[in-house]
Amino acid sequence: MSKKSAIMSTYGRMPIAFSHGQGSWLFDTNGTKYFDALTGIAVCGLGHAHPAVAEAINRQANKLCHCSNLYQMPLQEDLAKKLCQVSGMESAFFCNSGAEANEAAIKLARLYGHNKGIDKPAIIVMENSFHGRTIATLSATGNRKVQAGFEPLLSGFIRAPFNDADVLRTIATTNNNVVAIMLEPVQGEGGIRAAEPGYFKAVREICDRHDWLMITDEVQSGNGRCGRYFAYQELGQTPDIVTTAKGLGNGFPIGACLARGDAAETFKPGHHGSTFGGNPLACAAALTVIERIEQDGLATRAKTLGSRIRQQLSQAFEGSDYVKEIRGLGLMIGVELTSSCTELVPLAQSQGLLINVTQDRTVRLLPPLTMSDEEAAHLVSTLTRLIKLYAGDDRQQPR
Ligand SMILES: Cc1ncc(COP(=O)(O)O)c(C=O)c1O
């Protein structure tokens, strides 16, 4: 008998519940095991139940979970220093999610503009981007589905096509209100599309020429997933503002907006805040996550595994007429099919593999950075078999 849920129906949920996880694997309430190639959408980069993270949370919970940002917070200081060290940024604001980190970045850019005498600051944002579900971040997002029904949207955003520097140059000649360009180095919800290095360099140059802030949203691409601590490091340009969340706490909610140069000094007391942001428990978890990413060489590992997986998938689908492109950076991997493939998600689940599809036809893989070579091989062989089965490719090898 189906019982009506007391949860608001903001999600279309799969009929499955997980009781626990271990490393790269999740276990449902019936005890069935699944390879987690999604990691809660790029959250559990260190896998599930990581002993060092569990120990850090446990230790800190027994000491002090929370105290207000009205007091000094030594663990928050330590985390800010650590994040600045791995990113090249100079200061950090802490919050609890990706959307909040982007809200902070948007507020910071607007204030930066006001301080320069721009009354109506505008931020250039990209088509097919995703920045969150709050009013400001959904207004910045380049997807009508996310915005529909929530109008009036926030003004102050100018939309540009991704990977097109000429449009940015044109906007620069016609609009004096621009204060920043905000982009994902690798668009996640937009179908795993990386910024081309030449375009990324042009964005940096245009921002420098016009005294605009370059903001990179690394909520999905950061924390080692794309081959360096942040994806912009792999693309060779340093932004003025970086946002992060998801993988930073490996499941413990935490977000941060990092900045350098003038942007690092823009917020003053009273400009922004968060009750929970950067509390001792969240900081203890995040400090351990960064320590493990660094000490275990997980960013390099993500790079090696990512290129191997992409290469093996490319080989497996060479000459096929149903796989259009295999792309990505590190362990943000997209397999674009030539037609809709949303039904692959339940099919994969029935075969013990958790994946996701974005933009209707792109299989998205965001597996743990900690997976073994054998697990990576398991992912490739399972996914290959499933896509072939789905596409009705009878050249498929028997299981
Ligand atoms: C690039 C990017 N920015 C922002 C967000 C929003 O993060 P959150 O759901 O933690 O608010 C997401 C979430 O998918 C994202 O992928």
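The single condition among (1) in contact with a strand residue (DSSP E or B) (Cβ under 7 Å, 6 or more places away or on another chain); (2) within 26 Å of residue 270 (Cβ to Cβ); (3) part of a loop (DSSP other than H, G, I, E, B) that residue 80 does not satisfy is (3).
Of the residues making up segment 230-240, one or more are farther than 25 Å from residue 333 by Cα and modelled with pLDDT of 95 or more.
All of 256, 286, 231, 282 fail the test of being outside the structural domain of residue 326 (by TED's automatic domain parsing), aliphatic (A, V, I, L, M) and in contact with an Asp or Glu (Cβ under 9 Å, 6 or more places away or on another chain), apart from 231.
Of the numbered criteria (1) of a type outside the set (Val, Ile, Thr); (2) touching a strand residue (DSSP E or B) at 6+ places or on another chain (Cβ under 9 Å); (3) away from the ligand (no atom under 16 Å from the Cβ), the one residue 233 fails is (2). Evaluate segment 200-217: report whether one residue or more is within 24 Å of residue 298 (Cβ to Cβ), at pLDDT 95 or above, touching a Leu at 6+ places or on another chain (Cβ under 9 Å) and outside any helix (DSSP H, G or I). Looking through segment 200-217, at least one residue is within 24 Å of residue 298 (Cβ to Cβ), at pLDDT 95 or above, touching a Leu at 6+ places or on another chain (Cβ under 9 Å) and outside any helix (DSSP H, G or I).
Going through (1) in contact with a Cys (Cβ under 9 Å, 6 or more places away or on another chain); (2) away from the ligand (no atom under 15 Å from the Cβ); (3) farther than 20 Å from residue 43 by Cα; (4) not polar (S, T, N, Q) one by one, residue 281 falls short only on (3).
When segment 334-355 is filtered for residues that are in a loop (DSSP other than H, G, I, E, B) and of a type outside the set (S, T, N, Q), the ones remaining, listed by number, are 341, 343, 352, 355.
Comparison of 158, 171 shows that the only residue that is in a strand (DSSP E or B) and aliphatic (A, V, I, L, M) is 158. Counting just the residues of segment 23-40 that are touching a residue at least 60 places away in the same chain (Cβ under 8 Å) and surrounded by fewer than 16 Cβ atoms within 10 Å (Cβ to Cβ), which one comes out nearest to residue 223 (Cα to Cα)? Selected residue: 33.
The values are calculated or read from the model by the stated rules, or taken from the named source; none is laboratory data. As the structure is a prediction and not an experimental result, all values here were calculated from the model. Methodologically, a virtual Cβ is constructed for each residue, glycine included, from the backbone with ideal geometry; neighbour enumeration extends over all protein chains shown.
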